[in-house]
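The values are calculated or read from the model by the stated rules, or taken from the named source; none is laboratory data. All values reported here derive from a predicted model rather than from experimental measurement. Glycine also receives a Cβ, built like all others from the backbone with ideal geometry; neighbour counts cover every protein chain displayed. For accessibility, only protein heavy atoms count, side chains too; no ligands or nucleic acids. Shrake-Rupley method; radii C 1.70, N 1.55, O 1.52, S 1.80 Å.
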Amino acid sequence: MLAAAGLSLLLSPRHHHRENRFAWGPIVEVAILFAGIFVTIAPALALLKAHGAKFGVTEPWQYFWLTGGLSSFLDNAPTYVAFGTLAAEGDDFSVLMAADRSPILAAISCGAVFMGANSYIGNGPNFMVKAIAEESGYPMPSFFGYMVRYTVPVLVPVFLVVTWLFFL
């Protein structure tokens, strides 16, 4: 992806960048946010490896909602790693590949990916689209405005149905 972006910058006519009002601001914002996330997750993973079993999270629906809740405010990749670590009970991720653990792995995957849409910072594209739209002069809902307007009335009912259909 970096190579494609670099080639686009090198080979695209400069007037396209001006006409599209290309700016580095939104990309830099997302890069800083994600750098902070990945730097600060290391201590959390160490704590999960050492004390994860004490949380009592054992059911797929619990993993779906807890992973999704964290993914709403953290990117889905570190969230997936965090709850994968919790479910694997330490360093042995091969235990998640066992047939009897596949519902937990599915719940973690779905929670991490689906619920990233709950907020602007739940995944990189949400945050970047908001920043680009605002930079272009389009009004966007506030952080909590987005959640009140779209997450609670639209997404939460969908996630309740998904829970009932797949994880109970």
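Along Cα→Cβ, 7 Å out, is where each label goes; now give me the distance between the ones at VAL148 and ALA5 in nm to one decimal.
3.4 nm
Could you give me the percent of Cα pairs per 10 Å distance bin for the chain, shortest bin first, beginning at zero and ending with the bin that holds the maximum distance?
Percent of pairs per bin, in order: 10, 31, 29, 20, 9, 1.
For region 1-77 and region 110-132, compute the distance between their C-alpha centroids and round to whole Å.
A separation of 9 Å, based on Cα centres.
I'd like to check one number: the per residue accessible area of region 1-69, probe 1.4 Å, reported in Å² as a whole number. Don't jump to the answer; show the numbers that get you there.
Values: 4960 Å² over 69 residues.
That works out to 72 Å² per residue.
³J(HN,Hα) across region 156-163 via Karplus (A = 6.51, B = -1.76, C = 1.60, θ = phi - 60°), whole Hz, x for Gly/Pro?
Per-residue couplings from phi come out as 4, x, 5, 5, 5, 5, 4, 4 Hz.
Only Lys, Arg, Asp and Glu count, each charged at its Cβ (+1, +1, -1, -1), so figure out the dipole size of the chain about its Cα centre, rounded to 20 debye. Could you put the intermediate results ahead of the total?
Details: 8 positive and 10 negative charges, 74 e Å.
Roughly 360 debye for the chain.
Just check region 1-82 against the gyration tensor rule for me: Cα atoms, a ≥ b ≥ c as the square roots of the eigenvalues, rounded for a/c under 1.5, and otherwise prolate or oblate depending on whether a/b exceeds b/c. Don't jump to the answer; show the numbers that get you there.
Numbers: a/c = 3.67, a/b = 2.91, b/c = 1.26.
Prolate is the answer for region 1-82, as a/c is 1.5 or above and a/b outweighs b/c.
Computing the accessible area with a 1.4 Å probe over protein heavy atoms, can you report the carbon and sulfur percentage for region 8-153? Could the numbers behind the result be given before it?
Working: 5830 of 8430 Å².
Summing carbon and sulfur atoms, their accessible area is 69 percent of the total for region 8-153.
What order do SER142, SER109 take when sorted by accessible area (1.4 Å probe), most exposed first? Before the final figure, lay out the partial values.
Details: SER142 70, SER109 40 Å².
Per-residue accessible area, sorted high to low, gives SER142, SER109.
Within the chain, which complete DSSP H helices have Cα atoms spanning at least 27 Å along the helix axis and a mean Kyte-Doolittle hydropathy of 1.0 or higher?
Flagged H segments are 25-51.
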